[in-house]
Every structure is written in C-alpha cells, then in structure tokens.
Amino acid sequence: MMAFTSLPVTEHLLVAPVLLPLGTAALMLMLGEGRRRSKAVINTASTALGLALAILLLMRVQAGGTAAFGIYLPGNWPVPYGIVLVADPLAAFMAVLAGAVGLAALLYALARWQHAGVYFHVLFQLQLMGLYGAFLTGDLFNLFVFFEVLLAASYGLLLHGGGIARVRAGLHYIAINLFASLLFLIGVALLYGVTGTLNMADIADKLPLVAERDRGLLHAGAAILAIAFLAKAALWPLNFWLPPAYGAASAPAAAVFAILTKVGVYAILRLWTLCFPAEAGGSAGFGGTALIWGGLATLTFGAIGMLASQQLNRLAGYSVIASSGTLIAAIGFDAPALSAGALFYLASSTLAGCALYLLVELLERAREVQEGPEDLDDGRDGLPAFLDAAPPQGINLDDNEEALIGRAIPAALAFLGVAFTLCAMVIAGLPPFSGFVSKLAMLGALIEVRNTPAWLLFALLIVSGLFAAISLMRVGMRHFWTTQDRPAPRLRVAETLPIAALLLASLTMVSQAETVLGYTRATADALHEPQRYIDAVRGATTVPHPAVRGGTP
C-alpha cells in the first residue's frame, strides 16, 4: 500500500476535489442573486482548479504503480467505523474525466446559458461536488449521499431555462431517479443487515464468511442495489427517460449529463469486481450473466434508436445509451483485457458525447438562420440579376450555374463541419480515432473469451458502429448539404473553444494510445485483484493526536 506523503500541501489532496466545489457553492450563495460576472469568474476558477487537483491526484496514484492507493479518513475514525475516501487508479481516472467534462460545459455556458437562471453557478458546483465525491468515496452510505447531491443538482440544471418540454421531461427524470434512490436505500439496508458494515472494502472482506442461510438475503440486497445503479446507467428497459430528458436540457447541462450515466456504470464496476470475484465463495460472479445480457440488450436498443432518430439531440441520447450498454456488457465478462479496452472506451465516448451535445445547439441554431432578402435588381433595366448575367467562361458550374471553384466556406460553418465529422467518427468507432482504438482493444479481448455472448458483443460492436455512422451521416447531410443558401451562423469563441478542447483531448488519446491503454490495463488489473483494495483500505491508520505524537500525556 502506498499512502500519500503527509506534506502540508498534499496530505489533504484527496478531499480537496470534494471540498472545493462545496466551498465555492457556499461562497456564491452568500453573494446573493446578482453579481453574475463575479460568480462566473469564481465558478470558472474553481472548476479549473478542481480539474488540476484531479490531474495531480491521478499523477500521484500513477507514480506509485498499480498498488498505489490514497486513503483519507476525514473524521480520523478507523475503518470501518468512519468515513473513508479512496483514490485508486479507477477513481482518479474518473475524477479527471468529470473535471474535464465539467470545465468544457461551463466554458460553453458562459456565452449564453449562465444568464438563463439565478442559481446556475451554484447548481453547477454542487453537481461537480457530487461527481467527485461519488468517485472517491469508499463506503456505500456516502456513495448514496453523493448520488443524491449530484441528482438534486441535476434536477435544477435540467429545468434551467424553463419551458414546457423541460418540465415534462424533468418530471419523468426526477420520478425514475427518486425510485432508483429508494431501491438504493433498500439494497444498502439489506447488505448492512447481512454484513453489519457499509464500508465497501469491509463488505468485500466479509462476503465469503456470510452463512449459507443468509446468502439469499445477501444476493437480494445486491440485486436491488444493482437495479438502482443500472437505472441510473440507462440499462434497458429502464432507460426510456434518457433521450427526452437529455434532449430537453440546455446544451451545457446535457453535456455534463453525458457523464452522469457513467456514474452508475462506475458503481457497478467498482462493487461487482470488489464484492463478487472468483474468491467470493458461493457469491463468486453473482449477476455477471445478467450484466452481459442486459448490456447486449441495451446496446441493441441504443443502436436501433440512433438509426431511427430524426433529431440530433435524441440521436445523442441513444448514443449515450449504446455506450452504457457496451460498458455494462464488458463488465459482466470479468476479463481484465476487456475491462482495459472498456475503460478506454468510457473516456472516449464520454468526451465525444459531451462535445456532441454542445454541437447540437450550434447546429440547430445554424439551421434556424433566416435567409436575407434576395437582391433581385442589380440596376440593369429592372431585370433580376440571374436573368441578365451570362455564365462565366471556363469555370465549372453546379446545377444553379454557380462557380464550384473558389467558393469560400465561412469559418463558422467550416468549424461546425469539422467538429461534427470528428465527433461522428469517434462515436461510430471509425479509424484512426479514439473510438476505433477502444473498440479494437475490446474486439481483440473478445476473441480470446470465445463464447456465445462474446461473439454477440463482437458483432454488436461492429453493427452499432455502422448504425451510428449511417445515422450521423444522415444528420450531417441534413445540416450541411441542404443549407448552402443560408447565411453562415455567428458563433462565439466561448462556444467553440470547449468543443475544440474536447475533440483535442480525444485526438490526444489516439496519439498517446499506448500510454493511455497502459494506464487502463493497470487499472483493470487492479480492479480484478480486489484484495489490493481491501488490504489498502483496511490497513489505513488514524493520525495520532498531537499530544500523543509529541509524547505529552
């Protein structure tokens, strides 16, 4: 076990990503309903600092190797009696992803959407607090607390901007998540009744010792808890709420929501690999088959939904569902090589999904640009210009007798076209982008598994990519090939930079594919050897009182 060095600057590094947005939200509440410019500056600085802290946390974990764990006991109570925060390779990886998505969505919101509601900045920071806390917590009760924090903030962000569509979709979203939270509590209560603890490592350590007469109750509690997580992860048939809810949300809120489904996936990955490994006795591999077939059904549903979607925002929602299905199915195989590719895919699909949701609004705005009045009179005998103008000589013309060569493409339209093309290729898994690298890694691992579900997932990964390519190409034709006569849209720098940054991050994953895959392989290996996590958490020691350390009675 590697614990962080207790230097003044770093000894509280693990809790900083959680406390920073909490303190920022409290500060902005004290500023009142006005001062939006000050709140925007504070929010941006805090979000950027949170991402920097997450990156530093990942670097500290990576520097210690696969056995590196940062353990923090906020109340200085020994495990399993007190709260514990844990930074392992997976938690640090997810924290960086949450920070990157959050910063991109916020920068986009500064152009317009921050003005649509009074408490946008406060809700945004609470959303980040819930995300960081869910990834870093080491016990089920605090996982529930952080889940509720991020969900409560997401309710406000979903309704941000008002409108009947948002209210209708928000009611469905709130209802399904409240029901899932109820299941969460029931599942946690059953697990506590059987094991007598809520610390994840302690639960995993005690599972093999559970009496056979209580194993049915244990499995019932685990199944109920899994349903709560899978509802949040958009597993079919519990995902009917996602496309309308995410499609109705404002662009920055929908971009942040792209990672919310991954919180449910993270919880499943964390608890299933920790509590039901091959060494878990009678509970070994419990629920793995259900995860595989549920993931396959979800991936199929998402792929068909993309093919059937006529609106880009709904297509983006179904792409999120397809990515969740892929990840859930990959988890169920309990194969480290497949999990490594799935983690790469998780990052790639989240970045692309976030960028696509930001692009949706810009593309729709471009379609809504009204054409200006045609210049029907050029001053020559009152005749329309097109009747009196001879076609130029020696130049290729289109069907409307307009020059094909030398026709300028406005910068805004060029940016939207390039960004949409890159997004589409990543989501569809086309080479040479990050979606292709991740799918290739998963396909290679599935060949080694060699069973019927593995071949089905193999085929669905290819077919879903084809469906995504067809769907996105159809949308691209509608937005770019049929709008030549419309004036170019006006884009703000604050709206384009976040999209460019997300796509640049995706391209960086390709250029540094071996490094990223090396990290995800190490992360997957650590996940599939849960005893490392158990030993690290249970071996955490409290800090002696200063009087005791100094030798004073």
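Among 486, 474, which is the only one that is under 25 Å from residue 436 (Cα atoms), among the basic types (Lys, Arg) and either in a helix (DSSP H, G or I) or modelled with pLDDT under 70 (or both)?
Only one candidate qualifies: 474.
Taking segment 398-426 as the search range and keeping residues that are of a type in the set (A, V, I, L, M) and open to solvent by 60 Å² or more (accessible area, probe 1.4 Å), which one is modelled with the highest pLDDT?
Ranking the candidates gives 418 first.
Kindly indicate whether any position in segment 109-127 is in contact (Cβ under 8 Å) with a residue 40 or more places away in the chain and in contact with a strand residue (DSSP E or B) (Cβ under 9 Å, 6 or more places away or on another chain).
no
Could you please find all residues in segment 27-66 being under 30 Å from residue 518 (Cα atoms), in contact (Cβ under 8 Å) with a residue 60 or more places away in the chain and open to solvent by 50 Å² or more (accessible area, probe 1.4 Å)?
Within segment 27-66, 62, 66 meet the criteria.
Scan segment 297-333 for residues that are out of contact with any Pro (no Cβ under 8 Å at 6 or more places or on another chain), in a loop (DSSP other than H, G, I, E, B) and more than 19 Å from residue 258 (Cβ to Cβ) and jot them down.
Across segment 297-333, the qualifying residue is only 310.
Could you list, in sequence order, the residues of segment 290-313 that are closer than 19 Å to residue 346 by Cβ and crowded, with 22+ Cβ neighbours inside 10 Å?
291, 292, 294, 295, 298, 299, 302, 303, 306
Give all pairs with beta carbons closer than 6 Å in which a residue from segment 427-456 that is surrounded by 23 or more Cβ atoms within 10 Å (Cβ to Cβ) meets a residue that is polar (S, T, N, Q) and in a helix (DSSP H, G or I); count only pairs at least 6 apart in sequence or on separate chains.
Here the result reads 427/319; 434/348; 434/506; 435/348; 438/348, each pair linking segment 427-456 to a residue that is polar (S, T, N, Q) and in a helix (DSSP H, G or I).
Residues that are at pLDDT 85 or above and either under 19 Å from residue 78 (Cβ atoms) or not in a helix (DSSP H, G or I) (or both): does segment 506-517 have at least one?
yes
Of the residues that sit in segment 1-40 and are of a type in the set (D, E, K, R), farther than 14 Å from residue 56 by Cα and not in a helix (DSSP H, G or I), which one is modelled with the highest pLDDT? Break it down into steps so the answer makes sense when it comes.
Narrowing segment 1-40 to residues of a type in the set (D, E, K, R): 11, 33, 35-37, 39.
Subsequent filtering for residues that are farther than 14 Å from residue 56 by Cα retains 33, 35-37, 39.
Next, only the ones that are not in a helix (DSSP H, G or I) stay: 33, 35.
Numbers: 33: 73, 35: 78.
By that ranking, first place goes to 35.
Of everything in segment 314-356, what is open to solvent by 10 Å² or more (accessible area, probe 1.4 Å) and of a type in the set (Phe, Trp, Tyr)? Give them in sequence order.
Residues satisfying the conditions are 318, 333, 345.
Quick check: anything in segment 71-83 at pLDDT below 85 and either open to solvent by less than 10 Å² (accessible area, probe 1.4 Å) or among the hydroxyl-bearing types (Ser, Thr, Tyr) (or both)?
yes
Please enumerate the residues belonging to segment 291-318 that are of a type in the set (S, T, N, Q) and at pLDDT 90 or above.
Those that are of a type in the set (S, T, N, Q) and at pLDDT 90 or above: 298, 300.
The values are calculated or read from the model by the stated rules, or taken from the named source; none is laboratory data. Source: prediction; values computed, not measured. Glycine gets a Cβ as well: all are built from the backbone with ideal geometry, and neighbour counts include every protein chain shown. What goes into the accessible areas is simple: the full protein's heavy atoms, side chains included, and nothing from ligands, DNA or RNA. Shrake-Rupley method; radii C 1.70, N 1.55, O 1.52, S 1.80 Å.
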